[in-house]
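Colleague: So that we are looking at the same thing, I have put the structure below in structure tokens.
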Amino acid sequence: MTDRASLVRCLLIGDIIGKPGRLAVRQVLPDLRRELDLDLVVANGENVAAGMGITPSLADELFDAGIDVLTSGNHIWDKREIYDYLEGDRPLLRPLNYPTDSPGRGWLVHRLADGGDVAIVNIMGRVYMNQLDSPFTAMDSLLDEAAEPLPPVRLVDFHCEITSEKNAMGWYLDGRVTAVVGTHTHVPTADARLLPKGTAYISDLGMTGPRDSIIGFKVETVLPRFVHHMPTRFEVGEGPVALNGAVVEAERSSGRAVSIDQVQRLIEVD
């Protein structure tokens, strides 16, 4: 049996949607950390400000709730007040493959409570997304050309529209990172697995937002877009919140993942 001290257990939470998602995280995360014996919690926070973007105060709220690192994606620039915050020392990432002069950073090394280090990387796909630099090339540069090698445990949030591009990244990084987890589509996939060379993979973690919705938004504000092709203003949904994510367990010394298990909870927010 593997000694627990030789492993790191990380919870990766899918896109948090608006106030309901924030409330659910605040309500259950302290218990989840104990129940799942977690060393690290990473969450995608680009949708926490009424479904679009993130503000400094909302980022601080999520850090205070027990999230260690926040990742993002194409909505990171929706609230201009976050630009200066990204240049600060709080652990909020923007995708690595944005231009180098964009505010913020695309990766960081997080020091665990017991002194171990974990690298967290945020990248974004290009199919049906912004035409950024290649995420594959960006990962090569980070992994192969960094001034100092990244610590063995390396978690990648791939914010991406289509599963084939996510699949490709998983295979491309197999054996080079600990985990590649997809975000952005808000719908959890059923393909969590360990790839042959030791990388944990899932195409999409899903969202942490109202269950009875269309990807987190009120049905009545989204349907007209599809039925009548008319513009509408999306509003965050209400009711029970589905918290979706995955726990990745990995060897500290090698960074090799030993398990990935989906986490799905339905929460009645107070």
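Colleague: Among the residues of region 53-71, how many are free of Cβ contacts under 8 Å to residues at least 40 places away in the same chain and either touching an Asp or Glu at 6+ places or on another chain (Cβ under 8 Å) or among the β-branched types (Val, Ile, Thr) (or both)?
Modeller: The qualifying residues number 4.
Colleague: Out of all the residues in region 105-130, which are more than 21 Å from ASN44 (Cβ to Cβ) and either surrounded by 20 or more Cβ atoms within 10 Å (Cβ to Cβ) or at pLDDT below 95 (or both)?
Modeller: Those that are more than 21 Å from ASN44 (Cβ to Cβ) and either surrounded by 20 or more Cβ atoms within 10 Å (Cβ to Cβ) or at pLDDT below 95 (or both): ALA113, ASP114, GLY115, GLY116.
Colleague: Can you name every residue in region 151-168 that is within 16 Å of VAL248 (Cβ to Cβ) and in contact with a helix residue (DSSP H, G or I) (Cβ under 7 Å, 6 or more places away or on another chain)?
Modeller: Within region 151-168, VAL156, PHE158 meet the criteria.
Colleague: State all residues of region 245-263 that are touching an Asp or Glu at 6+ places or on another chain (Cβ under 9 Å) and of a type in the set (S, T, N, Q); if no residue qualifies, say none.
Modeller: Hit for region 245-263 is SER259, nothing else.
Colleague: Buried (at least 16 other Cβ atoms within 10 Å of the Cβ) and part of a strand (DSSP E or B) - does that describe any residue in region 220-229? Full working, then the answer.
Modeller: Looking only at region 220-229, we keep the residues that are buried (at least 16 other Cβ atoms within 10 Å of the Cβ), and these are 221-222.
Pick out the ones that are also part of a strand (DSSP E or B) and you get none.
Checking region 220-229: not a single residue is buried (at least 16 other Cβ atoms within 10 Å of the Cβ) and part of a strand (DSSP E or B).
Colleague: Against the definition (out of contact with any Asp or Glu (no Cβ under 6 Å at 6 or more places or on another chain), surrounded by 17 or more Cβ atoms within 10 Å (Cβ to Cβ) and more than 22 Å from ASP270 (Cα to Cα)), how does LEU40 come out, yes or no? Full working, then the answer.
Modeller: On the way: out of contact with any Asp or Glu (no Cβ under 6 Å at 6 or more places or on another chain): no; surrounded by 17 or more Cβ atoms within 10 Å (Cβ to Cβ): yes; more than 22 Å from ASP270 (Cα to Cα): yes.
So LEU40 does not fit the description; no.
Colleague: Is it the case that region 232-241 has a residue that's surrounded by fewer than 17 Cβ atoms within 10 Å (Cβ to Cβ), basic (Lys, Arg) and in a loop (DSSP other than H, G, I, E, B)?
Modeller: yes
Colleague: Here is a further query. Name the residue that is surrounded by the fewest Cβ atoms within 10 Å (Cβ to Cβ), counting only residues in region 59-101 that are part of a loop (DSSP other than H, G, I, E, B) and of a type in the set (Asp, Glu).
Modeller: Just the residues of region 59-101 that are part of a loop (DSSP other than H, G, I, E, B), to begin with: 65-68, 72-81, 87-91, 93-101.
Keeping just the survivors that are of a type in the set (Asp, Glu) gives 68, 78, 81, 87, 89, 101.
Working: ASP68: 22, ASP78: 17, GLU81: 12, GLU87: 11, ASP89: 7, ASP101: 5.
Looking at the filtered set, the residue picked out is ASP101.
Colleague: Among the residues of region 208-221, are any farther than 18 Å from ARG22 by Cβ, modelled with pLDDT of 95 or more, touching a strand residue (DSSP E or B) at 6+ places or on another chain (Cβ under 6 Å) and among the β-branched types (Val, Ile, Thr)?
Modeller: Checking region 208-221: not a single residue is farther than 18 Å from ARG22 by Cβ, modelled with pLDDT of 95 or more, touching a strand residue (DSSP E or B) at 6+ places or on another chain (Cβ under 6 Å) and among the β-branched types (Val, Ile, Thr).
Colleague: Moving to a separate point now. Does region 242-270 hold any residues that are among the hydrophobic types (A, V, I, L, M, F, W, C) and either surrounded by 13 or more Cβ atoms within 10 Å (Cβ to Cβ) or under 16 Å from LEU40 (Cα atoms) (or both), and which are they?
Modeller: Keep residues of region 242-270 that are among the hydrophobic types (A, V, I, L, M, F, W, C), which gives 242-243, 246-248, 250, 257-258, 260, 263, 266-267, 269.
Those that are among the hydrophobic types (A, V, I, L, M, F, W, C) and either surrounded by 13 or more Cβ atoms within 10 Å (Cβ to Cβ) or under 16 Å from LEU40 (Cα atoms) (or both): ALA242, LEU243, ALA246, VAL247, VAL248, ALA250, ALA257, VAL258, ILE260, VAL263, ILE267, VAL269.
Colleague: Of all residues in region 159-201, which are touching a His at 6+ places or on another chain (Cβ under 7 Å), in a loop (DSSP other than H, G, I, E, B) and touching a residue at least 60 places away in the same chain (Cβ under 8 Å)?
Modeller: Going residue by residue through region 159-201, those that are touching a His at 6+ places or on another chain (Cβ under 7 Å) are 159-161, 183-184.
Still in the running and in a loop (DSSP other than H, G, I, E, B): 160-161, 184.
HIS184 - this is the single residue of region 159-201 that is touching a His at 6+ places or on another chain (Cβ under 7 Å), in a loop (DSSP other than H, G, I, E, B) and touching a residue at least 60 places away in the same chain (Cβ under 8 Å).
The values are calculated or read from the model by the stated rules, or taken from the named source; none is laboratory data. Keep in mind it's a predicted model, so treat the numbers as computed, not measured. Here Cβ is always computed from backbone atoms with ideal geometry, including for glycine, and neighbour counts include all displayed protein chains.
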